[in-house]
1. Here is a check on your reading of the model: is Lys315 surrounded by 15 or more Cβ atoms within 10 Å (Cβ to Cβ), among the basic types (Lys, Arg) and over 16 Å from Ala269 (Cα atoms)?
2. Taking the range 288-305, which residues are among the acidic types (Asp, Glu) and without any contact (Cβ under 8 Å) to a residue 12 or more places away in the chain?
3. Could you tell me how many of the residues in the range 322-349 are in a loop (DSSP other than H, G, I, E, B) and within 17 Å of Thr380 (Cα to Cα)?
4. Which is free of Cβ contacts under 8 Å to residues at least 24 places away in the same chain and in the same structural domain as Thr144 (by TED's automatic domain parsing), of Phe76, Phe27, Phe54, Phe95?
5. Specify which of the listed residues (Met224, Met200, Met230, Met212) is crowded, with 19+ Cβ neighbours inside 10 Å and over 14 Å from the mean Cα position of the chain (by Cα).
6. Considering only the range 240-268, how many residues are in a loop (DSSP other than H, G, I, E, B) and near ligand 2 (Cβ under 10 Å from one of its atoms)?
Amino acid sequence: MSDYTPKPEHKFTFGLWTVGSRGSDPFGSAVRPHKSPAELVYLLGEVGAYGVNFHDNDLIPIDATPAEAEAIKKEFRKALADTGLTVPMATTNLFSDPIFKDGAFTSNDPKVRAYALQKTMRAMDLGVEFGAKVYVFWGGREGTETDSSKNPVEAIKRMREAMNFLCEYALDQKYDLKFALEAKPNEPRGDIYNPTTGHMLAFIESLDHPEMVGVNPEVAHEHMAGINFMHGVAQAWEAGKLFHIDLNDQYPGRYDQDLRFGSRDIKAAFYLVKFLEDVGYQGSRHFDAHAYRTEDFEGVKDFARGCMRTYLILKEKAAQFNADPEVQALLSEINADDGSMSAFFGKYSPEKAAALKAQPFDRVAIGQRGLKYERLDQLTMDILLGVR
Ligand code: DIG
Ligand code: MN
Ligand code: MN
């Protein structure tokens, strides 16, 4: 049995809103008392987290006076010093206040769009004040219930204008910030623009400073869209755009459950952890999830410990998979290359094309080859089920 104790080098982080969730839902009020940001930092320190993230209003209530804000920040700063926790990421709440009921950057009301920029600049200042290096944008209200209300092309242009403006603000302020865009297909809006990580990757390329902007994929959000999460993460990584990641879990076809990491689809979680560890992802492992409504704060600690523990168990399983002789022998066989086709790959040339068009293939024989994926997958299951 290995040591599944979280350590700073694991870079496990939680948002204030995650362990601070009071358990309310559309059909029930809060079941847990309010905890201050400082209290939540001490809770995260107790369970062994590396860092804590926040929306501006998780830390400073939207109607706080300057004096109240300073008092909160002072207490929060002391808790960070006492626990050693860092603030790797910050973000803006552009979805709770009624002003954002029809979106923020894509709202039809120019006053709302301007206020959203002001609020985001101030929130960026706050995040940088506490050391954040990644700034997340989740456009939870950037969408529609009726497409009679908004022109999607106009919405894209408004979103682009906002992101370009805020990139320029970060440059003007000389902030060491990378922006990470987080996709979600729906909820709380009927449909949300840029619904998947793939849409975000395309949108980023249309910005004035695409080098400043990456993505923050979330497990539950891509699962809601019926997408293989690890494939989307791999595409973001390959594009050099995996700036942050939101880990949790989700039953397919349901509302955004933000379940404890690995608590629903253990195999998908395994492949994700294996990918992140195999490629040497250096960013935060951020758990954007919350405890069941059934839990008190001892249960919230169980939730947080469970997120980190499952990640570390799967990290060990991934190492076991990579070291398993039969698995590796199968992978070598599956990926065998006798070099006979090498002349046809790589950069195009007319000679290469002519030679390939003339190349004979025994299509039937090639098609009859057994690939042994059933054996490989069962070995994976044996490892995951702890019998190998
Ligand atoms: C929801 O999944 C979003 C918000 O919680 C937040 O803006 C972002 C940060 O991880 N995730
Ligand atoms: Mn979510
Ligand atoms: Mn998220």
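The values are calculated or read from the model by the stated rules, or taken from the named source; none is laboratory data. Keep in mind it's a predicted model, so treat the numbers as computed, not measured. Quick reminder, even Gly has a Cβ in these numbers, built from the backbone with ideal geometry, and neighbours come from all protein chains shown.
1. Taking the combined requirement at face value, the residue does not satisfy it.
2. Once the filter is applied, which keeps residues that are among the acidic types (Asp, Glu) and without any contact (Cβ under 8 Å) to a residue 12 or more places away in the chain, the range 288-305 yields Glu298, Asp302.
3. Going residue by residue through the range 322-349, those that are in a loop (DSSP other than H, G, I, E, B) are 324, 335-341, 345-349.
Filter once more, so that each one left must be within 17 Å of Thr380 (Cα to Cα): 324.
Residues that pass the stated criteria total 1.
4. Of the residues listed, the single one that is free of Cβ contacts under 8 Å to residues at least 24 places away in the same chain and in the same structural domain as Thr144 (by TED's automatic domain parsing) is Phe27.
5. Met212
6. Qualifying residue count, the range 240-268: 6.
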